[in-house]
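The structure under discussion appears below in the form of structure tokens.
The values are calculated or read from the model by the stated rules, or taken from the named source; none is laboratory data. These figures come from a predicted structure and were not determined experimentally. Cβ atoms come from the backbone with ideal geometry, glycine included; neighbour counts cover every protein chain shown. Heavy atoms of the whole protein, side chains included, go into the accessibility calculation; ligands, DNA and RNA do not. Shrake-Rupley method; radii C 1.70, N 1.55, O 1.52, S 1.80 Å.
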Amino acid sequence: MSFFKYQNGAMHAEGVALAAIAAQVGTPFYCYSAGALRAGWREFADGIKGMNASICYAMKANSNLAVIRVFGEMGAGADIVSVGEMRRALAAGIPAQRIIYSGVGKKASELMEALQAKVGQINVESTAEIETLNAVAGQLGVSADITIRVNPDVDAGTHAKITTGRKENKFGIDIDLAREAFALAGRQPNLKVVGVAMHIGSQLTSLEPYRAAIVRVRELIGQLRADGHRIDRFDIGGGLGIVYADEKPPSIADFMAVVAKETAGLCCELTFEPGRRLVGEAGVLVSEVILVKPGAAKTFVIVDAAMNDLIRPTLYEAWHDILPVRESRQDTATIRCDIVGPICESGDFLAQNRDLPPLAAGDLVMIRSAGAYGAVMASSYNTRPLAPEVMVDGTRFAVIRPRPTIDEMLRAERFPPWMEPAKT
Ligand code: LLP
């Protein structure tokens with residue numbers, strides 16, 4: 001069920017017209033449907049019913065406090081990759097015990113903060129990190145529960161920039177070197193090895209790579225146990241894909257069926273770290289057309305959202321569906337156009353060669369499936385204020401991150417003391 005639908009010719013998020021939000025908040029803005037977030041969570045939570053498993057939301061996908069709170073209220077843990085994300089998870093009410101700290105390059109100071117906050121699990125990705133974490137835990141006089149993330153060398157069949165489980169990727173410890181790493185960890189007095197972790201990539205639309213990776217890690221778990229390690233947890237990571245165009249991502253039920261089959265008899269508690277799947281389709285980016293520029297080769301529709309607001313199209317050649325907020329008649333002839341932003345770069349586009357009903361200055365467009373890796377990857381390039389974020393819940397909406405003013409942006413900067421104050 002889509003939570004973004006035309007009602008009486010106007011695109012709504014649940015019970016709120018996007019045009020009404022635009023009138024109040026201005027454009028561009030991100031809009032999230034709380035109902036869609038909850039539905040996404042429920043599908044996952046239903047999927048693990050009867051399994052010894054837990055879900056830690058990979059908040060890198062969308063770390064707005066209100067979004068995390070929606071999941072937290074439904075029992076989510078959090079998968080974090082920085083102390084900043086840890087602070088967000090705690091501020092949104094996720095208990096520290098339910099936080100997993102992942103990441104390929106954690107600093108000693110960050111590990112210290114995480115241990116002081118008593119996060120539940122640290123996923124370690126290198127032998128150097130094993131030694132650093134042991135030293136930090138020793139300084140604090142605590143023991144750290146860790147998994148070791150292994151790299152199973154499986155092709156996730158996704159975009160090269162979001163594939164993480166091949167030997168050539170920087171992530172995890174090569175599965176062929178994993179036993180040595182576990183032996184090293186086992187010798188550290190301040191670490192308690194509780195399991196194995198993996199994460200093979202993002203936007204996966206096939207279950208086969210998961211199956212192949214789980215089979216490899218399952219064999220490793222057998223060897224590790226024979227080596228005398230206690231392996232109680234298996235963190236499967238995230239990565240399940242969503243619909244951008246015509247993808248057919250697997251259902252959560254089918255995914256869980258594969259996981260349950262391949263982990264049967266392993267006697268491990270499973271952890272899942274979904275990000276995109278929980279938030280991607282629950283968010284859109286709304287933008288206003290500034291002007292339309294007919295060209296010899298094609299028409300450019302210049303909108304007020306740009307690559308700084310949504311970098312996915314230019315960074316990953318990602319395809320995001322774009323719809324006019326005012327419904328066009330079925331028989332309207334389309335025109336071929338590029339939807340581009342105002343930034344001075346040719347890579348500043350949201351869509352290329354798209355057939356859309358004719359658009360005019362002042363029209364609103366909605367860029368779909370922008371709830372994941374949208375606002376979180378935004379920048380203020382060209383001194384463009386970060387687009388605000390809005391949450392809709394039924395017929396209510398609220399700004400959950402306001403647009404900064406340009407004055408606020410300028411106030412964050414300083415002249416060095418040796419410069420004269422600027423004359424204004
Ligand atoms: N766990 C770990 C260790 C991860 O590295 C990631 C994502 C996840 C979980 C969540 O993956 P998801 O369920 O969201 O696929 N910016 C890119 C995606 C980067 C994903 C990075 N790691 C994009 O816009 O496509």
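List of remarks:
- Spin-label model, N8/D254: points 7 Å from Cα along the beta carbon direction are separated by 3.9 nm.
- GluC sites (Glu not before Pro), loop per DSSP, at most 10 other Cβ atoms within 10 Å - longest free stretch of the chain: 1-167
- Euclidean distance between Cα centres, region 94-155 to region 18-74, Å: 26 Å
- Listed cross-link partners K106/K261; K170/K298; K60/K192; K60/K293 are compared with a 30 Å cut-off, the Cα-Cα value being larger for K106/K261; K170/K298; K60/K293.
- In plain terms, if you count all Cα to Cα distances in the chain and split them into 20 Å steps from zero, the share in each step is 25, 51, 22, 2 percent.
- Per-pair calculated FRET efficiency, R0 = 30 Å: T405 and K298 via Cβ, rounded to 0.05: 0.25
- Solvent-accessible area per residue, Å², over region 34-276 with all protein chains present [probe radius 1.4 Å]: 40 Å²
- For the pair R396 and A264, the difference between a 0.36 nm per residue extended length and the Cα-Cα distance amounts to 43.1 nm.
- Rg/Rh, computed from the Cα trace of region 34-276 with Rh as the Kirkwood radius, has the value 0.94.
- Sites T205 and E413 - FRET efficiency at Förster radius 51 Å, r taken between beta-carbons, to 0.05: 0.75
- Straightening the chain between V215 and D46 buys 58.4 nm, computed as 0.36 nm per residue apart minus the Cα-Cα spacing.
- Helical mean residue ellipticity (222 nm; -39500 (n - 2.57) per DSSP H run of 4+; nearest 500) of the chain: -8000 deg cm²/dmol
- Here the label points at L291 and T334, each 7 Å from Cα along the C-beta direction, are separated by 2.7 nm in the simple model.
- Size of region 62-175: Rg and Dmax of its alpha carbons, in Å, are 15.0, 44.
- Separation of alpha-carbon centers, region 206-284 and region 298-349, rounded to whole Å: 34 Å
- Equivalent ellipsoid semi-axes, region 122-234, via Cα gyration tensor eigenvalues times 5, rooted, Å: 26, 15, 11
- Model label sites at S380 and S109, defined 7 Å from Cα along the beta-carbon direction, differ in position by 2.2 nm.
- The alpha carbons of region 286-377 occupy a box of 36, 27, 21 Å along the principal axes, longest dimension given first.
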